[in-house]
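Below is one structure; the comments refer to it alone.
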Amino acid sequence: MRLLVLNDNAPSKGFLNDWGWSLLVEGRTRFLFDADTRGEILLHNSEVLGVSLKSLGFAVLSHWHYDHYGGLSLVGELNPGIPLYAPPGNRMRGMHWGFQVREVTRAGEIEAGVWTSGPLSGFEQAVGVETPSGLVVIVGCSHPGVDRLTRAVLEASGYEKAHLVIGGFHYPSARTLDRLSELTEFIAPAHCSGDEAKAYVRKKYPEKFVGVRTGSVIEL
Ligand SMILES: [Fe+2]
């Protein structure tokens with residue numbers, strides 16, 4: 001099983017890049033978590049990584065902000081009729097892109113081995129995915145707090161601790177990161193986490209820190 005970072009704020013040579021976030025999960029099923037700002041970026045970067053954007057089982061949207069949903073129209077076009085698990089609010093838009101929109105209103109299992117936190121603060125969800133290494137928690141921008149989202153996913157899935165938490169942490173405080181460190185073995189701050197948060201985790205929890213950027217592949 002593996003995670004492929006199709007786009008992160010941090011660029012890599014040979015990949016297209018901008019401010020956004022998109023992660024492809026390949027395991028029991030293939031799914032996309034968030035879709036960056038533009039389909040062309042996702043298409044180019046997945047080609048460089050040697051993977052297809054077609055044959056997805058489903059897609060997940062963390063929240064309705066452009067740096068996370070911008071590429072969804074292309075994803076829907078390439079995978080007509082697949083479920084899109086999204087917080088409530090834009091059902092028509094998702095349907096227009098070709099998805100079967102499933103609005104997420106509460107915590108629970110959405111697909112086999114995939115749990116959502118439900119929309120926290122009314123608008124953003126995170127998911128947990130069962131992997132051979134344990135539970136991987138994937139977050140978008142963590143506006144409600146990466147520690148809160150992680151705790152909600154742990155509660156929904158029944159896991160006591162996560163193997164990895166990856167995604168945008170929204171410029172978290174040191175206290176938030178300290179709380180997060182108790183909930184997971186590994187921490188991969190990406191997207192809107194900020195250089196300060198990355199440096200804090202790298203220095204205080206070097207055994208937990210995982211550096212990711214556009215094009216990173218994490219084997220589990
Ligand atoms: Fe974001």
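Per residue, the chain exposes an accessible area of 40 Å² to a 1.4 Å probe, with every protein chain left in place.
Only Lys, Arg, Asp and Glu carry charge here, each on its Cβ (+1 for the first two, -1 for the last two); on that basis the chain has a dipole of about 140 debye about its Cα centre. Separation of segment 14-65 from segment 175-205 is 23 Å, based on Cα centroids.
Tally up the carbon and sulfur contribution to the accessible surface of segment 1-125 as a whole percent, 1.4 Å probe, everything protein left in place. Walk me through the numbers before you get to the answer.
Values: 2640 of 4990 Å².
Taking all protein chains in place, segment 1-125 shows 53 percent carbon and sulfur surface.
The lysines within cross-link reach of Lys203, meaning a Cα-to-Cα straight distance under 25 Å and a gap of 8 or more places when in the same chain, are Lys161. For the peptides 57-68, 190-201, the ranking by mean Cβ contacts within 10 Å, running from highest to lowest, is 57-68, 190-201. Dividing the helix sum by the residues of the chain, where each DSSP H run of 4 or more adds -39500 (n - 2.57), gives a mean residue ellipticity at 222 nm of -7000 deg cm²/dmol.
The values are calculated or read from the model by the stated rules, or taken from the named source; none is laboratory data. Predicted, not measured: the structure shown is a model, and the values here were computed from it. No Cβ is skipped: glycine too gets one built from the backbone with ideal geometry, and neighbour counts run over all protein chains shown. Surface areas here come from the heavy atoms of the whole protein model, side chains and all, with no ligands, DNA or RNA. Shrake-Rupley method; radii C 1.70, N 1.55, O 1.52, S 1.80 Å.
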